[in-house]
Amino acid sequence: MCGHSPQRLYPRHISECSTEPATFGPIWTRKNFGTEAQIYLSLDASMSLRSRLRVLPTAISLASGSSRHAFQHQQWKPSCRVATGSVHAFSAIASSFDDKRVSLVQGASRGLGLEFVTQLLRGSQALPSLAGGHVVATCRNPEKAEALQELATSHPGRLTILPLDVTDEATIKAAATAVKTKLGRLDLLLNVTGVLHIPDVLTPETSLSKVTSESLLLSFQTNAMGPLLVTQAFEALLSSTAANAANSGDPVVVANLSARVGSIEDNRLGGWYSYRSSKSALNQLTRTMAVDFARKRNPVICVMLHPGTADTDLTKPFQKNVPELFTPERAVKQLLEILAGLKKEDTGKFYAWDGKIVPF
Ligand SMILES: NC(=O)c1ccc[n+]([C@@H]2O[C@H](COP(=O)([O-])OP(=O)(O)OC[C@H]3O[C@@H](n4cnc5c(N)ncnc54)[C@H](OP(=O)(O)O)[C@@H]3O)[C@@H](O)[C@H]2O)c1
């Protein structure tokens, strides 16, 4: 049973023996190297040094499956104790994979992203497998994201808010590292961020003469490159989750918020050059990722979603002639229902809010 790849063990394995079960962090990783092993035990940063010292031997003893373990404590890290030693009997618990699923909503400060976080925390009926799971919300300015902070307060321990600007790769990588270290899995990645208009910066073009290289670049960087770079940073975690959860029947999914106006085949109105073409590029990039993921033994499903027209800041200036304007609640509920029905063979498809396939 002692493989060579990292194994992940979870707090429930040690909680009954811990005097302070609630203070254990969620990550408890073991790496095996033949008969040698390393255990990484993430502990809550607020846990006192004395508490850590008291809890660690119990944890190691349970992880090794034996009270006759021979681990020497090697080093301290701020919130992580690393122990190294020879393995006795890991097999009893090493195959466990935590059943608490993790969703990440990228672009969660407002609009549809905020609503995705709200419904995932509430426990969407459409996706019961995610109910009770952990949600990660990323946004440019967590300190200003008051609605997210309120959700974190009303759902203690279930929401992690991380900074991420899709135009800043360092923040993307830092968020990916934080999720891997803190939660160790990622089951659903929702790339929601998108820009259509920004006062004094970006205006959807009504004619060819109004297109600028700046508007094209900003739209491509945010709407097309952003979701790609985020998915790339999380690729390893998504793939390892898909492998570990292979027997659960619940797929690992990347869903990118696109827009019907990005469909080249559907383009009859013209205009909106930057937004349209950035969403067309997003569709192509998502399809390409879907094809690449599909070659793996435990593929991650990648899809594009068109939410319909929903009442958010993005659509505010363009709502006048919209025949059916969805509330964010309804738009997100509809999209979660689509995600709930996804199967392996659906990867690479572009879904509208009503479940119909959008040609692109
Ligand atoms: N609403 C609709 O009817 C509709 C229709 C079709 C497609 N969509 C697509 O659905 C998605 C969500 O739209 P929405 O209506 O919810 O838009 P929204 O209300 O305007 O919200 C846009 C979100 O994107 C974030 N964002 C912008 N630039 C960012 C960057 N560089 N890095 C990280 N986050 C950034 C914003 O964060 P800040 O708060 O920091 O600005 C905000 O959270 C978009 O991709 C949009 O194209 C929406």
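Each reported figure results from applying straightforward, stated rules to the coordinates on display, with no laboratory input. Quick caveat: nothing in here was measured; it's all calculated off a predicted structure. Because the Cβ atoms are built from the backbone with ideal geometry, glycine has one as well, and the counts that use them run over all protein chains shown.
Here are the numbers for this structure:
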item: Within segment 102-352: Cβ-based charge dipole about Cα centre, in debye rounded to nearest 20 (Lys, Arg +1; Asp, Glu -1); result: 480
item: Cα extents of segment 185-240 along the three principal axes, largest first (Å); result: 48, 17, 16
item: Given K144/K349; K144/K343; K173/K210; K144/K333; K316/K343; K279/K333, the pairs whose alpha carbons are separated by over 29 Å; result: K144/K349; K144/K343; K173/K210; K316/K343
item: Packing-based exposure ordering (other Cβ within 10 Å, fewest first) of L335, L104, L202; result: L202, L335, L104
item: Taking the convex hull of Cα positions in segment 191-312, its mean projected area over all directions (nm²); result: 8.7
item: Segment 102-352, Cα convex hull volume normalised per residue, Å³; result: 124
item: Cα centroid separation, segment 168-196 to segment 291-335 (Å); result: 19
item: Segment 135-141 - phi-based ³J(HN,Hα) in whole Hz, Karplus 6.51/-1.76/1.60, Gly and Pro as x; result: 10, 10, 10, 10, 7, 5, 10
item: Neighbour-count order for V105, V201, V211, fewest beta carbons within 10 angstrom listed first; result: V201, V211, V105
item: Whole-number D in µm²/s for segment 120-248 (Stokes-Einstein; Kirkwood sum over Cα pairs; 25 °C, 0.890 mPa s); result: 148
item: For segment 229-293, average projected area of the Cα convex hull in nm²; result: 5.3
item: Share of Cα-Cα pairs in segment 260-350 lying beyond 23 Å, as whole percent; result: 35
